[in-house]
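So the structure is just underneath, and the comments pick up after that.
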Amino acid sequence: MPEIPDWFRPVAEYMLREGLPETLKIAAVAVTASTLIGLVLGTLMTINFLPLRSVIRLYIEVWRGIPILVTVLFIYWLPAFELGPFRVQMNAYASAAVGLTLWGSAQVAEATRGAVRSIPKEQHEAAAALGLGWIGRHVFVIVPQALRRLLPPMVGLLVNIIQNTTIAFVIGVSELLETGNRQFENLTLQTGNGHPFTIFGFVLVVFFIISFPLTLLARYLERRLV
Amino acid sequence: MFHTRVEILAAFDTAFIWENREELWEGFKNTMKAAAIGVAGSFVIGLLMGAARAQRIPVISQIGGAYVEVIRNTPILVQIIFLFYGLPQLGYRVDAFTVAWLSITIWGGAFNTENFRAGFEAVPTRLREAGYALGFSPLQTFVNVTLPIGGRIALPSSINTYISVLKNTSLLIAITYPELTTVANGIQANTFKTFEMFAVLAVVYLAVVWTLSALIRLLEARLALPERV
C-alpha cells in the first residue's frame, strides 16, 4: 500500500469541496431540463403533422450533430441580447447548462418518440373511450407507460451528462476538472512538480466512482424492464 | 428582439469567412487527420478486442472488459488532459498531435469493442455449429461465419462510434491541438466575428455528421442479412 503523500490531502479536499458540487449542480440542472423538454418534444413528434415533426426533427439532428463543446462555446461567446424586457448575457455556468440541455433534450426527445410509439394503440383507444382528450391521454396514460421503457436510456443519459459537464472546464467553470487543473497549476508554480498524473488520475477515479454504479443500474434496468 | 436579429443578419460578414479560408482549411485538415487515425485505430481495436470478448479468450477478454468500463465511465476530456500532462511525468515526451490521435483512438476503441462484441454475440449458435460441422477450426469458423455476419450486425453502431470520434476531436481545444474548433474559436475571440465562425463550425460538423448518418441508413438497407438470423 503506497503512502499517501502530504500534498495530496488538501488538493483532493479542495477538489471535492469546491469542484464536485459544481459538477453535480450543472449535471442536475441539465438532466432535469433535458428530461422535461425532451419528453414534451418527443411526445409532440408522434403527432402526424408534418411541419411540426420536421421542426422537432431538425432540432434533434442539429443539437445531436454539433459537438456539445461547440454549442457551449457559441452560447458563451454570444453577445448580450434583448429578450423582451430583459438583457441576457450568459455566464459560463449558464452556457454550460444550456449547451448540455440542448444536446440532452435532443437525446431524450428521440428516445421518447420511440417509447411513445411503442405503446399499443389500444391504450390510446381505451383512454379515448374514457373521454380523455389528446393531452389527457398522453399525460395520464401513454407517457407514464412510456416512462418505464425510458428509464434505462435516462440513466444512461445521466451518466453521459455527468461526464460531459467537464466541457465547462474549457470556459472556466470551477467544476471538478477545473479545480484539479488549478491545483495542478498552483503546485507547478510553487514546487515545480504539479503531479499531473495523480491529480488528473484522481479526477478520472472520482468520475468512475460516480458513473460505474449508474452504468450497472442502467444495464440492470434494461434487463428488468424491457 | 426582432431588431437585434436584423442587426445580426445585416452584420453577418461572409467575406470574413472567405478571408480566413486558409486558416480554417488547415484546422479542418487537422481535425480530419486526427479523426482518420482515430477511426482506423478504433476499428482495429474494436475488431480484435470485440472478438476476444465474444470468444471469451481468457485474460485478454477480462482486460478488454476492464478497458471498456474504465473508458466508458470516465469523461473523454479528462482522459485527453490526463494523457497530455500525465505521460510526460512518466517520462514519455508527447506532442499535442500524438495525444490527439491517441486519446480519441483509445476512446473509440472501447466503444467499438462493445459494438463488435454485441455484433459477434448476436450471431446464432447454430450458424457457428454449422461451421464446426463442416470441419472448420474455431478460428476458421470465426473468420468465415462469425465475422461476416456479426460484422454486418455491428456496422451501424460502429459508424455511430466513428461519428462520436469525429465530434470528440473538438475537445482537443483543451490541449491546443489546432483542429477546426480551436482555429475558429481563436479567430472569433480576436475579431468578435462570433456568428461567422460558429456558422462555419455548425455547417462543417453537421455536413460530416449528417453524411455519415445517411451512410448508416444506406448500409443498413444494403447489408440487411439475406436470411433473418
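Charges only on Cβ, +1 for Lys and Arg, -1 for Asp and Glu: so what's the dipole of region A:77-157 about the Cα centre, in debye to the nearest 20? Charge dipole of region A:77-157: 140 debye, to the nearest 20.
On the basis of the beta-carbon distance and an R0 of 60 Å, A:Leu217 and B:Trp18 show a calculated FRET efficiency of 0.75. For chain B, the longest principal axis of the C-alpha atoms and the axis of helix B:147-168 are separated by about 20°. The equivalent ellipsoid of region A:27-184 has semi-axes of 34, 18, 13 Å, largest first, where each one is the square root of 5 times an eigenvalue of the Cα gyration tensor.
Taking region A:46-73 and a reference point 7 angstrom along Cα→Cβ of B:Leu206, the backbone N atoms nearer than 11 Å belong to A:58-66. Working from Cα positions, state the angle (0 to 90°, nearest 10) between the long axis of helix A:143-164 and the longest principal axis of chain A. Here the helix axis deviates by roughly 20 degrees. Segment A:Trp7..A:Val88, full-extension length gain: 24.9 nm, with 0.36 nm per residue of separation and the alpha-carbon distance subtracted. Taken along the Cα-to-beta-carbon direction at a fixed 7 Å, the label points for B:Leu127 and A:Val139 span 4.9 nm.
Taken along the Cα-to-beta-carbon direction at a fixed 7 Å, the label points for B:Leu218 and B:Ala189 span 3.8 nm.
In the protein assembly as shown, the calculated helix contribution to ellipticity at 222 nm averages -25000 deg cm²/dmol per residue, counting -39,500 (n - 2.57) for every DSSP H run with n ≥ 4. For B:Lys29, the lysines whose Cα falls under 26 Å of its own Cα, not counting residues fewer than eight places away in the same chain, are B:Lys167, B:Lys193. Measure nothing fancy, just the Cα-based angle from helix B:76-89's long axis to the longest principal axis of chain B, in degrees from 0 to 90, nearest 10. It is inclined by approximately 90 degrees. The average projected area of chain B, computed from the convex hull of its Cα atoms over all directions, is 16.9 nm².
Placing unit charges on each Cβ (+1 for Lys and Arg, -1 for Asp and Glu) gives chain A a dipole about its Cα centre, and among A:Leu24, A:Met45, A:Ala96 the Cα reaching farthest toward its positive end belongs to A:Met45.
Each reported figure results from applying straightforward, stated rules to the coordinates on display, with no laboratory input. In this text the structure is predicted, and so the values were computed from the model without any measurement. With ideal geometry, Cβ positions are generated from the backbone for all residues, glycine too; neighbour counts draw on all protein chains shown.
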